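What follows is a short report on a single structure.
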Amino acid sequence: MSQSAAPTSLGRLLRTWRWLVVATSLLLWWIIGQFDKTNVSLIIAEPAFLQELQLEGRNAELGGLMSAFFLGYGGSIFFWGFLVDRVGPRRCLIAGTVGWGAVLLWMSQAASLQELLIARFLLGAAEGNMWPVSNALTNRWFPVHEHSRAQAFWLSGAMLGTALGIPVMSALLLASGWRGMMLGLAALTVIPILIFSFIANRPGSQRGIRPAEVEEIEADQKRSAAVRKMSFGELLRATSFWYLTATMIISTTTIYTLIQWIPRFLTTERGLAFDEMTRWITAGYLLATALTFAVGYIADRTMQRARTAAWTCAVFVVLVLPMAYGLPARGSAVLLAALVAAPPIIAALNGALLHTMVQPEAVARGTGIYSGVGTILSAIGPVTFGALINRLDGEYWGGFLFLALLNAAGAACYFALHRAASQPAGESSVPAVAEAGPPGSGGVSVPES
């Protein structure tokens with residue numbers, strides 16, 4: 001067994017440049033990005049903001065601040081995917097993050113709701129770089145057998161950003177008002193810009209990295225390259241890719257719907273006070289972060305990513321209604337928030353699966369397609385959940401059932417991918433997802449079993 005193919009201990013992983021620097025920097029970038037996404041939820045509850053811009057009672061327009069962000073975010077992912085493949089992830093990360101900072105500075109001076117709506121759209125367009133950049137850097141910097149846990153690691157930044165963002169942004173808001181909070185968030189964007197100024201697109205170009213680590217990563221990439229992968233055009237014609245896209249729609253719909261409606265469900269139907277609900281949800285998000293990384297680790301150790309994702313969806317289907325109604329209110333708060341782990345687990349495994357399907361130079365474009373479609377179509381989730389509450393005279397069980405049915409469809413998609421990978425070549429109607437063998441297998445692509 002070669003040194004580069006040997007299983008890597010956790011202690012040794014933590015001493016590598018890719019985990020100590022690249023993965024940690026991506027995690028921090030996602031946490032800061034989540035602050036920027038969710039700050040509007042606090043601003044619209046701030047009396048001074050509502051009074052200054054004369055927005056009291058204009059709930060539809062206030063809701064548009066979040067909608068405008070996701071329209072810009074979902075639409076721009078397609079553009080960023082092509083740009084990352086052409087000019088490289090590092091430049092796109094820095095350019096997009098400079099854009100975040102500039103828009104936040106503008107928002108701190110905004111004088112009307114119309115200005116804020118335009119700014120939120122542009123903020124979303126700038127943050128659309130996150131998926132393609134992160135997926136491309138993961139593909140370039142991490143061996144194939146580490147892709148699931150690497151993706152799960154930086155994706156956990158979305159949950160950590162939600163959990164940490166409330167106290168951080170509340171402190172900024174109380175200390176300096178909503179305009180001062182925007183200035184503070186703009187200042188935070190300087191951190192990833194400085195960090196990634198010293199991180200190369202590829203390990204072979206990185207200063208200060210140990211040659212043995214470069215050799216380990218490049219040897220793994222050569223073994224992976226020995227397996228034929230699809231071009232971008234072939235990817236768009238592959239049924240397996242559209243299965244992944246369908247599951248990405250399910251992932252994004254589930255997480256945005258849960259994050260929006262869990263707090264209101266707990267305060268109105270389960271009777272928790274707002275401050276108590278916030279504490280227990282934060283605990284649940286921290287648990288979700290640990291679960292995301294744990295399942296990513298399991299998927300890498302077994303190299304059974306489609307099957308792991310299928311079981312993740314199935315567990316969500318079985319647990320969501322009992323977690324909502326079968327526990328004391330505090331228990332529901334913690335464990336419903338912990339179920340938010342399912343969507344990022346799915347997204348992390350989708351990224352790892354995509355890396356096995358398409359040529360490296362098309363990874364960001366493939367990411368742009370499935371993430372963009374998923375983000376745009378996820379807008380149906382919160383609206384449908386709310387409509388079901390109205391339909392059921394204020395009860396929430398129909399909304400949770402809707403999410404359970406969505407994830408049942410996701411489980412079916414993943415089991416189809418798993419079956420296709422398990423069948424001999426030529427017997428499946430679904431193009432198989434190539435799974436790299438475990439470390440030490442010689443780099444031969446093997447089907448899921």
Exercise. Name the residues in region 188-220 that are touching a residue at least 24 places away in the same chain (Cβ under 8 Å), closer than 26 Å to Met169 by Cβ and in a helix (DSSP H, G or I), would you?
Worked result: Leu188, Val190, Ile191, Pro192, Ile193, Ile195, Phe196
For this session: Select from region 93-110 the residues that are of a type in the set (S, T, N, Q) and surrounded by 24 or more Cβ atoms within 10 Å (Cβ to Cβ) and list them in ascending order.
Result: Thr97
Exercise. With (1) under 26 Å from Phe415 (Cβ atoms); (2) buried (at least 21 other Cβ atoms within 10 Å of the Cβ) as the list, and Met277 as the residue in question, which single condition is left unmet?
Worked result: (1)
For this session: Read through the list (1) closer than 19 Å to Tyr256 by Cβ; (2) in contact with a strand residue (DSSP E or B) (Cβ under 9 Å, 6 or more places away or on another chain), then give the number of the only condition that Ser378 fails.
Result: (2)
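Table: residues versus (1) closer than 28 Å to Leu28 by Cα; (2) of a type outside the set (A, V, I, L, M, F, W, C).
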position	(1), (2)
Ile195	yes, no
Asp220	yes, yes
Arg223	no, yes
Phe241	no, no
Phe265	no, no
Arg279	yes, yes
Leu286	yes, no
Ala294	yes, no
Exercise. Would it be correct to say that Ser176 is surrounded by fewer than 16 Cβ atoms within 10 Å (Cβ to Cβ), touching a residue at least 60 places away in the same chain (Cβ under 8 Å) and among the hydroxyl-bearing types (Ser, Thr, Tyr)?
Worked result: no
Exercise. Residue check: is Ala379 open to solvent by less than 10 Å² (accessible area, probe 1.4 Å), of a type in the set (Gly, Ala, Ser) and in contact (Cβ under 8 Å) with a residue 60 or more places away in the chain?
Worked result: no
Exercise. If you go through region 72-91 one residue at a time, how many are crowded, with 24+ Cβ neighbours inside 10 Å and either touching a Leu at 6+ places or on another chain (Cβ under 9 Å) or among the acidic types (Asp, Glu) (or both)?
Worked result: 3
Problem set entry | Condition met for Gly101 (assigned to a helix (DSSP H, G or I) and under 18 Å from the mean Cα position of the chain (by Cα)) | no
Exercise. In contact with a helix residue (DSSP H, G or I) (Cβ under 9 Å, 6 or more places away or on another chain), among the small types (Gly, Ala, Ser) and without any contact (Cβ under 8 Å) to a residue 60 or more places away in the chain, is that true of Ala310?
Worked result: no
Problem set entry | Test for Arg18: is it assigned to a helix (DSSP H, G or I), within 30 Å of Glu215 (Cβ to Cβ) and open to solvent by 60 Å² or more (accessible area, probe 1.4 Å) | no
Problem set entry | Subset tally (residues that are modelled with pLDDT of 90 or more, open to solvent by less than 10 Å² (accessible area, probe 1.4 Å) and farther than 21 Å from Ile32 by Cα) for region 111-147 | 2
For this session: From (1) over 24 Å from the mean Cα position of the chain (by Cα); (2) in a helix (DSSP H, G or I); (3) more than 24 Å from Ala158 (Cβ to Cβ), pick out the condition that doesn't hold for Leu235.
Result: (1)
For this session: Go through region 261-338 and tell me which helices (runs of 4 or more DSSP H), entirely inside it, have 2 or more residues that are over 30 Å from His355 (Cα atoms), of a type in the set (Gly, Ala, Ser) and at pLDDT 85 or above.
Result: 274-302, 329-338
For this session: Could you list all residues from region 142-201 that are among the small types (Gly, Ala, Ser) and under 30 Å from Val214 (Cα atoms)?
Result: Ser148, Ala150, Ala152, Ser156, Gly157, Ala158, Ser197, Ala200
For this session: Identify all residues within region 280-333 that are of a type in the set (Gly, Ala, Ser) and open to solvent by 30 Å² or more (accessible area, probe 1.4 Å); write none if there are none.
Result: Ala283, Ala290, Ala294, Gly326
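The values are calculated or read from the model by the stated rules, or taken from the named source; none is laboratory data. Because the structure is predicted, anything quoted here is derived from the model rather than measured. Note: ideal-geometry Cβ built from the backbone for every residue, glycine included; neighbour counts use all protein chains shown. We work out accessible area using only protein heavy atoms, side chains counted, and drop any ligands, DNA or RNA first. Shrake-Rupley method; radii C 1.70, N 1.55, O 1.52, S 1.80 Å.
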